[in-house]
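S.K.: Here it is, the structure in full.
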There are 2 protein chains.
Amino acid sequence: MIKDIILSANEAKIKLFSLDTNVKNEALLKISEEIEANKEKIFEANKKDLENSKVLLEENKITKATYNRLKLDENKMRDMIKGVKDVIKLDDPSNKVLWTRELDENLILKKVTSPIGLIGVIFEARPDVITQITALAVKSGNAVILKGGKEADNTNKIFFEIIQNALSKVKDFPKNAVNLVFSHEDIKEMLSYDDYIDLIIPRGSNKLVQFIQNNTKIPVLGHASGICHIFADESAEKDVVNSIVLDSKTQYPSACNSVETVLVHKNYKYLDELKKYLTENGVKIIENPDTYSKEYSDTILTLKVVENLDEAINHINKYSSHHTDSIITNNKENAEKFMLMVDSSCVFHNTSTRFSDGFRFGFGAEVGISTNKALARGPVGLEGLCVYKYKLFGEGQIVDDYAKGRKEFHHKDL
Amino acid sequence: MIKDIILSANEAKIKLFSLDTNVKNEALLKISEEIEANKEKIFEANKKDLENSKVLLEENKITKATYNRLKLDENKMRDMIKGVKDVIKLDDPSNKVLWTRELDENLILKKVTSPIGLIGVIFEARPDVITQITALAVKSGNAVILKGGKEADNTNKIFFEIIQNALSKVKDFPKNAVNLVFSHEDIKEMLSYDDYIDLIIPRGSNKLVQFIQNNTKIPVLGHASGICHIFADESAEKDVVNSIVLDSKTQYPSACNSVETVLVHKNYKYLDELKKYLTENGVKIIENPDTYSKEYSDTILTLKVVENLDEAINHINKYSSHHTDSIITNNKENAEKFMLMVDSSCVFHNTSTRFSDGFRFGFGAEVGISTNKALARGPVGLEGLCVYKYKLFGEGQIVDDYAKGRKEFHHKDL
C-alpha cells in the first residue's frame, strides 16, 4: 500500500510550489556531496545487484546490454555527480512570468509557470536515472515517486537513502518530495491515483509504456515506439546522405531516435552507392512494405523509393511514431515544406536523427521524449516539467460591471 | 460509420499545417459573409429546432435555460457574425518561433509552434458554439469534427452547409477541415480513433465530460466540474468581500467559474454583514462539511470559517476542481502565498472568480477551460490550440562526432 507515500508526497508538492531557487540549489549541492561521500556504500550495493543479475544473464533472462547499464564504475559515478551539479547552473523554470496583460485599469493578468506537481516515474534498471530525475524534479519543484527496474533494487535503495539524508540536511526542503517504491503492485496502485498524481513518465520497453497508457487516467509523458525516418531528396549530396544515414542507424541502434526507414527520391542518383556503403558498414537493408511500421532496434533498416516529396511526407505521417524525421536536401523550399507538414515532435534538415536528445538540445538533461501533442513534446527537460497558471490581480472588480456595459475591457499587453 | 470523415479530415490537417495566414483570414471573412447572406435560412432551421424543443420543454425533458440557449435572434446572430470577424484580427498562433539556439556552428535548433492537428469537439445545443469553434479552428490551422447537441441538429446542419459552401469558395483552403457528425454512436466511434484524433474538447454536463474521459485514450481538454473558492482573509474589506462574493455567485450561477464555497478567516470582522448581504440578495448559505465537494450551479453556497491562510490553502487544494480560486485580502504577502500554493489554473487576488474566461482574458474567444495540467490550462483560446515542434537545421552533422569528442556543442541562444 503506497497510499501513505502518495499523501505525504502530495503535501510536499504544495510546499515545493513556493520554494526558493536557492533552497533547491542547496539541495542539489547537498545531494552531490553526499553521493561523493558515500561512493563505497553505493558500489557495494551495486555489486549485490550485479551478482544477482549475473545469474539472470547466464539464464538469458536479461540481456548483456541490461547488465552493462546496471553496472556502476568510477567514470559513471563521476558523470552522475557532475550531472546533479550541472542542474544547479540551469535556470529555475518555475514562477516565470510568461506575459502580463492589463485587462482594465488595475486589473492585471499574468501567465506564470508553475511546477506540474506530483510525478510518477517508472524507469529501467539504470542507476544513473535516479539521480538525473531527482535533480530535474528538485530544480523544477516537482515531487516524484520513483520506481526503478527491480534488477537495480539494492543500488536504487542506497541512492534513495543518501538523497533522503541529503535533503533532510537542507532547511525548508520537504524531504518527502522524493519517494521510492519497489514492486509491480506499487506501479498498479500508483496508476489508480489520478486524483493525486499529475503525470506519469514511463521509460523503458514499448510493452511497459503501452501497459501504462492503457491502465491509467493520469496523463502519460513518453513514447511507445520510435519509428524515425530519413528522406533523401533528389538534390541531396552523396556523402551527406551516406554519413547521416549511417550515423542515424548505427551510432546507437537500440535508441528511440535511431532511423528505421530511409525514403529515397526516385531521381536521387546515388542509391546504389548508399546501399553499398551501408552494407559494407554492417547495415542490413530490407525492401518490403510489411516493414514500414517496424522498429528494428538493430543495424537493419527499411528502404523505399518514393516518387516525390509529397509521397515522402504522406508516408512519414502514416507510419512515423511522430518522434523525429529528417530530410536531406539542397532544396530549401522542400526542406521548409517537409518541416511544416511532417507532424512530428522533431523535424530535421541535413542532420542525423540521433540529435533528438535533451542533452544535445542544451536542456541539461531530459526526463524523456514525448510524442504526445497535448503534453510537452520532444525531449523534455526542466522547462517541460512546468506548466503555467493564470494570476489575476484586481482591486475589487466584479464581472457584472463588464457584462452590463458599465465598464469595458481594454486588454493591453504590458 | 465516420471513418471516411476522419480519414478525409486527416488529409486536411496536413494541408492546414502549411496554410498561409491570408488564406485563413479569407476563409473567416467568407464564412461571416455567407452567414450574413443566409440569415433567413438559418432562422427557419432554428425555428424547426425550437418547435421540437418546445415539446421537450413541456415534457420537462429539457430546461428553460437549454431552450433559451438554443434560440437564435437578430442580436445573437449579429454577435456570431462579429465573433467570426473578430478572429480575423487576432494573431495567427501557428508557425511562430519560440526560441532559436545554436547547438554548434551551422547547427541551428528552433522551437516553433504548430497546429495540434485534428480536434473533436462535442458541445451542447448552442448554435453560437459552432461558429466560434470553427473560427478558432480555421485561424489556428486545426481540422475539426464537430458534434452539437441534438436539439440543435437542424440549425447546426444549415450552419455547416453554409460554412462548407464558404470554404469551397476559398482557393487552397481544404473544406474537409470542418466536419459535422450527428449521433451518439458517432461520438463513441470518434473516441476510438486515437491514432487520428489529437484532442477531444467536450463542452457540456459533468456527466458528458466524465463519460468521455473514461472512454478514450485521446487527450481530453476540459473540466468535469467547477468548484471554485473565495477566501476572505482577516484584512479583507467589507464592501469588497460582499460585492465580489455576490458577483461570483449570482452573476451567472450555472457557469463553471461561479463560486461554490466561501472560506472566511476567523478574525474577519464582517461575517454577519456578509451573510445578511447574501441572504438579502437571494443567496442561500449552507454551513455543512458534507457540501465541500458540491457544485450547486444555483444561488446557493457553502460557507466555512477557517483558522488561517494555511487552512484555506489546504482546504482549496483538497476540494477545488483546480479551476479558479480567489483571495480577498489587503495583505500582499498572503496574496502572493495563496497564488503560489493554490494549485489551480486561475488564482485571483481581489476579484470575482467570474473573470476566468477567454473573452475577458483577451483571448478573443475560447474553446473551453482546461483544468488538466498536462494540457493547455485555464481558458483556452487560439494560443492553446497550438503545440510546438523542434526544427533542427544542419549541414550534414552526425552525432558520432559529438559522442566521440571530435566536436563539442556550444549551445548559444540566438
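S.K.: Going through B:LYS207, B:LYS188, B:LYS249, B:LYS217 one at a time, which residue ends up being at pLDDT 90 or above, farther than 21 Å from B:SER344 by Cα and of a type in the set (Lys, Arg)?
M.R.: Exactly one residue qualifies, and that residue is B:LYS188.
S.K.: Looking only at segment A:374-385, decide whether some residue is open to solvent by less than 10 Å² (accessible area, probe 1.4 Å), assigned to a loop (DSSP other than H, G, I, E, B) and at the interface with chain B (Cβ under 9 Å from one of its Cβ atoms).
M.R.: Looking for residues that are open to solvent by less than 10 Å² (accessible area, probe 1.4 Å), assigned to a loop (DSSP other than H, G, I, E, B) and at the interface with chain B (Cβ under 9 Å from one of its Cβ atoms), one finds at least one in segment A:374-385, hence yes.
S.K.: Would you point out which residue out of B:ASP73, B:ASP92, B:ASP104, B:ASP86 is more than 30 Å from B:TYR252 (Cα to Cα), out of contact with any helix residue (DSSP H, G or I) (no Cβ under 7 Å at 6 or more places or on another chain) and among the acidic types (Asp, Glu)?
M.R.: None of the others qualify; the one that does is B:ASP104.
S.K.: Let me ask something additional. Within segment B:347-361, count every residue that is more than 7 Å from chain A (Cβ to nearest Cβ) and farther than 19 Å from B:LYS318 by Cβ.
M.R.: 4
S.K.: Of the numbered conditions (1) within 12 Å of chain B (Cβ to nearest Cβ); (2) surrounded by 18 or more Cβ atoms within 10 Å (Cβ to Cβ); (3) in a loop (DSSP other than H, G, I, E, B); (4) touching a residue at least 60 places away in the same chain (Cβ under 8 Å), A:ILE212 fails exactly one; give the number of that condition.
M.R.: Of everything listed in (1) within 12 Å of chain B (Cβ to nearest Cβ); (2) surrounded by 18 or more Cβ atoms within 10 Å (Cβ to Cβ); (3) in a loop (DSSP other than H, G, I, E, B); (4) touching a residue at least 60 places away in the same chain (Cβ under 8 Å), A:ILE212 misses just condition (3).
S.K.: Another question, if that's okay. B:ASN330 - would you say it is surrounded by fewer than 21 Cβ atoms within 10 Å (Cβ to Cβ) and not in a helix (DSSP H, G or I)?
M.R.: Against the criterion (surrounded by fewer than 21 Cβ atoms within 10 Å (Cβ to Cβ) and not in a helix (DSSP H, G or I)), B:ASN330 qualifies.
S.K.: Next up: So if I check each of A:ASN68, A:ASN46, A:ASN38, A:ASN22, which one is more than 14 Å from chain B (Cβ to nearest Cβ) and under 30 Å from B:VAL347 (Cβ atoms)?
M.R.: Being more than 14 Å from chain B (Cβ to nearest Cβ) and under 30 Å from B:VAL347 (Cβ atoms) holds for just one of A:ASN68, A:ASN46, A:ASN38, A:ASN22, which is A:ASN22.
S.K.: B:HIS410 is checked against (1) in contact with a Lys or Arg (Cβ under 6 Å, 6 or more places away or on another chain); (2) surrounded by fewer than 18 Cβ atoms within 10 Å (Cβ to Cβ) and fails just one. What number does that condition carry?
M.R.: (1)
S.K.: Does B:LYS48 meet the test of being at pLDDT 95 or above, of a type in the set (Lys, Arg) and over 23 Å from the mean Cα position of the chain (by Cα)?
M.R.: Yes; evaluated as a whole, the condition is true for this residue.
S.K.: If you scan segment B:277-304, which residues turn out to be part of a loop (DSSP other than H, G, I, E, B), touching a helix residue (DSSP H, G or I) at 6+ places or on another chain (Cβ under 6 Å) and not β-branched (Val, Ile, Thr)?
M.R.: Passing the criteria: B:ASN281, B:TYR292, B:SER293.
S.K.: Restricting the first residue to segment B:240-257 and requiring it to be aromatic (Phe, Trp, Tyr), which pairs with a second residue that is open to solvent by less than 30 Å² (accessible area, probe 1.4 Å) meet a Cβ separation below 9 Å and a spacing of at least six or different chains?
M.R.: Between residues of segment B:240-257 that are aromatic (Phe, Trp, Tyr) and residues that are open to solvent by less than 30 Å² (accessible area, probe 1.4 Å), the close pairs are B:TYR252/A:VAL399; B:TYR252/B:SER258; B:TYR252/B:ARG354.
S.K.: B:LEU28 - would you say it is out of contact with any Gly (no Cβ under 7 Å at 6 or more places or on another chain) and without any contact (Cβ under 8 Å) to a residue 24 or more places away in the chain?
M.R.: Spelling it out, it is not the case that B:LEU28 is out of contact with any Gly (no Cβ under 7 Å at 6 or more places or on another chain) and without any contact (Cβ under 8 Å) to a residue 24 or more places away in the chain.
S.K.: How many of the residues in segment A:270-288 are touching a Lys or Arg at 6+ places or on another chain (Cβ under 8 Å) and open to solvent by 70 Å² or more (accessible area, probe 1.4 Å)?
M.R.: 3
S.K.: Now for a separate question. Hey, does segment B:362-371 have a residue that's at the interface with chain A (Cβ under 7 Å from one of its Cβ atoms) and either among the aromatic types (Phe, Trp, Tyr) or in contact with a strand residue (DSSP E or B) (Cβ under 9 Å, 6 or more places away or on another chain) (or both)?
M.R.: Scanning segment B:362-371, I find at least one residue that is at the interface with chain A (Cβ under 7 Å from one of its Cβ atoms) and either among the aromatic types (Phe, Trp, Tyr) or in contact with a strand residue (DSSP E or B) (Cβ under 9 Å, 6 or more places away or on another chain) (or both), so the answer is yes.
S.K.: On to the next question. Determine, yes or no, whether B:GLU395 is of a type outside the set (A, V, I, L, M), open to solvent by 30 Å² or more (accessible area, probe 1.4 Å) and more than 9 Å from chain A (Cβ to nearest Cβ).
M.R.: No.
S.K.: While we're on this one: Somewhere in segment A:339-346, is a residue open to solvent by 20 Å² or more (accessible area, probe 1.4 Å), in a loop (DSSP other than H, G, I, E, B) and either more than 7 Å from every other protein chain (Cβ to nearest Cβ) or at pLDDT 80 or above (or both)?
M.R.: No, that holds for no residue.
S.K.: For segment A:295-327, which positions are more than 14 Å from chain B (Cβ to nearest Cβ), open to solvent by 40 Å² or more (accessible area, probe 1.4 Å) and over 26 Å from the mean Cα position of the chain (by Cα)?
M.R.: Hits for segment A:295-327 are A:VAL305, A:GLU307, A:ASN308.
S.K.: Let me ask another. Among the candidates A:ASP73, A:ASP20, A:ASP4, A:ASP91, single out the residue that is within 30 Å of A:SER192 (Cα to Cα) and surrounded by fewer than 16 Cβ atoms within 10 Å (Cβ to Cβ).
M.R.: Checking each option against the conditions leaves just A:ASP4.
S.K.: I would also like to ask the following. Would you point out which residue out of B:PHE159, B:PHE123, B:PHE173, B:PHE182 is more than 14 Å from chain A (Cβ to nearest Cβ), open to solvent by 40 Å² or more (accessible area, probe 1.4 Å) and touching a residue at least 12 places away in the same chain (Cβ under 8 Å)?
M.R.: Just a single option satisfies the conditions, and that option is B:PHE182.
S.K.: Turning to a different aspect of this structure: Which residue pairs have Cβ atoms closer than 8 Å, lie 6 or more positions apart in sequence or on different chains, and pair a first residue in segment A:306-317 that is under 15 Å from A:THR329 (Cβ atoms) and assigned to a loop (DSSP other than H, G, I, E, B) with a second residue that is open to solvent by less than 60 Å² (accessible area, probe 1.4 Å) and modelled with pLDDT of 95 or more?
M.R.: Here the result reads A:ASN308/A:HIS265, each pair linking segment A:306-317 to a residue that is open to solvent by less than 60 Å² (accessible area, probe 1.4 Å) and modelled with pLDDT of 95 or more.
S.K.: Continuing with the same structure: Can you pull out every residue in segment A:347-367 that is surrounded by 22 or more Cβ atoms within 10 Å (Cβ to Cβ) and not in a loop (DSSP other than H, G, I, E, B)?
M.R.: Correct list: A:VAL347, A:PHE348, A:THR353, A:ARG354, A:PHE355.
S.K.: Do we have any residue at all in segment A:224-237 that's open to solvent by 20 Å² or more (accessible area, probe 1.4 Å), within 10 Å of chain B (Cβ to nearest Cβ) and not in a loop (DSSP other than H, G, I, E, B)?
M.R.: For segment A:224-237, residues open to solvent by 20 Å² or more (accessible area, probe 1.4 Å), within 10 Å of chain B (Cβ to nearest Cβ) and not in a loop (DSSP other than H, G, I, E, B): absent.
The values are calculated or read from the model by the stated rules, or taken from the named source; none is laboratory data. What you see is a predicted model; the values in this text were computed from it and never measured. Glycine gets a Cβ as well: all are built from the backbone with ideal geometry, and neighbour counts include every protein chain shown. Only protein heavy atoms, including side chains, enter the accessible area calculation; ligands, DNA and RNA are left aside. Shrake-Rupley method; radii C 1.70, N 1.55, O 1.52, S 1.80 Å.
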